[in-house]
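What follows is calculated from the coordinates using simple rules that are stated; it is not laboratory data. None of the values given here were measured: they were computed from a predicted structure. With ideal geometry, Cβ positions are generated from the backbone for all residues, glycine too; neighbour counts draw on all protein chains shown.
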Amino acid sequence: MLYKSLYLPDMIKWEEDSLSDTFGRLEITPLERGFGRTLGNALRRVLLSLLEGFAPVSLSIKGVEHQFSTVPGVIQDVTELVLNVKSLVINLQGEVKGTIRLNATKKGEFTAKDLTGDKHVIIVNLDQEIAQLDGTGKLSMEIAVEKGKGYIPADEWNIHGKEEKAGTILLDSWFCPVRKVNYQVKSARVGDRTDYDHLIMDIETDGSIDPKEAVNEACEIIIEHLQMIPAGLEPEEKPDLISEEKDSKSDFLSFAVDDTDIPTRIANVLKSAGIQTVRDLIETKSADILKIGGFGPSSLDTVNEVLKKQNLAIDG
């Protein structure tokens, strides 16, 4: 299809055989040369950093004052309970807040299907383990869940109006419902020319939203921004620089290591070891990174220089 002497795609399709609630492969072709990467990169960044989702934001356990505690009769310590709660995949069905609870009084394993609470809170991964009791105690916990965007570490919730109180544990919250996005660009033929682009995108979500919905939302966000440019709109108020910096930092955590200023050779070594994103990188100890073949102290220094620009660093 021609538009102002430009070819627009005549095939946009989802691969039906692999399409599910959590995975989808989207193909778009033909695209003008270079436009496959332009679209793929734009969609990928929006999908990984700007979509709203739901996550646990705080946890209260009866009899527990802080995260570094144990609960009598519970096999896991509180740190392990926190990790299990953070792994819950949640949908609030049109609401922005909700509460779920666990009251366990007998021996056995308790999973997400044992949680009760607000009817609009839907838990996707019902088999997620929460706790195990040995029969000598009980566990009573309350989990607050909210709608949000990006990644908010526990120690930054105060910026968003939450204060850690005795008995309430603030959580690192990852709201984005999209877990992974990969894309590749192949050559496509139009007539005698073979230099057009064929974009293939693989989108993986947490199940609270399906890949088609995710892409639709990402397209709406991009379109909304592009439509504002011809209008020449200007902000009525000065931007909140602190919030802007935090949003930028949250977005950066979701970047693939090869989408940063980290040199390609070093990024490829990191990816070969399973370190795909900046978040993976800063959550890995420097000692473990230095064990990766082909990654030495000079490479570590180079990576830390890139992270330093975002006030981040690899743990020692």
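Let me make sure I get this right: for the stretch 255-316, a, b and c are the square roots of the gyration tensor eigenvalues over alpha carbons, sorted descending. Under 1.5 in a/c it's rounded, otherwise prolate if a/b > b/c, else oblate. Which is it? Verdict is rounded for the stretch 255-316. A Förster radius of 41 Å combined with the Cβ-Cβ distance from ARG193 to ASN125 puts the calculated FRET efficiency at roughly 0.30.
For the pair GLU65 and ILE223, label points projected 7 Å from Cα toward Cβ lie 5.5 nm apart. As a proxy for reagent exposure, ranking ASP280, ASP155 by other Cβ atoms within 10 Å from fewest up yields ASP155, ASP280. For MET141, MET228, the sequence from fewest to most other C-beta atoms within 10 Å is MET228, MET141. I need to check one value: relative contact order of the chain, counting alpha carbon pairs closer than 8 Å and at least 6 residues apart, in percent. Computed value for the chain: 21 percent relative contact order. Summary value for the stretch 53-174: 39 percent relative contact order, contacts being C-alpha pairs under 8 angstrom separated by 6+ residues. Maximal additional length on extending the ALA313-ASP17 stretch stands at 102.4 nm, based on 0.36 nm per residue less the C-alpha distance. Using a/c under 1.5 as the rounded threshold, could you call the stretch 53-174 rounded, prolate or oblate? The axes a ≥ b ≥ c are square roots of the C-alpha gyration tensor eigenvalues, and prolate needs a/b larger than b/c, oblate otherwise. Taking the square roots of the gyration eigenvalues as a ≥ b ≥ c, the stretch 53-174 is oblate.
Mind running the shape call on the stretch 187-226? Use the C-alpha gyration tensor, a ≥ b ≥ c as the square roots of the eigenvalues: rounded below 1.5 for a/c, prolate if a/b tops b/c, oblate otherwise. It is oblate, given that a/c is not under 1.5 and a/b is not larger than b/c. Across the stretch 151-159, coupling constants 3J(HN,Hα) worked out from phi with the 6.51/-1.76/1.60 Karplus curve, θ = phi - 60°, read 10, 10, x, 4, 7, 10, 5, 4, 5 Hz, and Gly and Pro carry x. Listed by chain and number, the lysines whose alpha-carbon sits under 26 Å from that of LYS62, ignoring those within fewer than 8 places in the same chain, are LYS86, LYS97, LYS106, LYS107, LYS113, LYS119, LYS138, LYS147, LYS162, LYS165. Listed peptides 42-48, 90-96, 267-273 appear in the order 42-48, 267-273, 90-96 once ranked by packing, highest mean of other Cβ atoms within 10 Å at the front.
In straight Cα distance, which lysines are under 21 Å from LYS291, not counting same-chain residues fewer than 8 positions off? In chain and number order, the partners are LYS271. Diffusion coefficient (Stokes-Einstein, Kirkwood radius over C-alpha pairs, 37 °C, 0.692 mPa s) for the chain: 148 µm²/s, rounded to a whole number.
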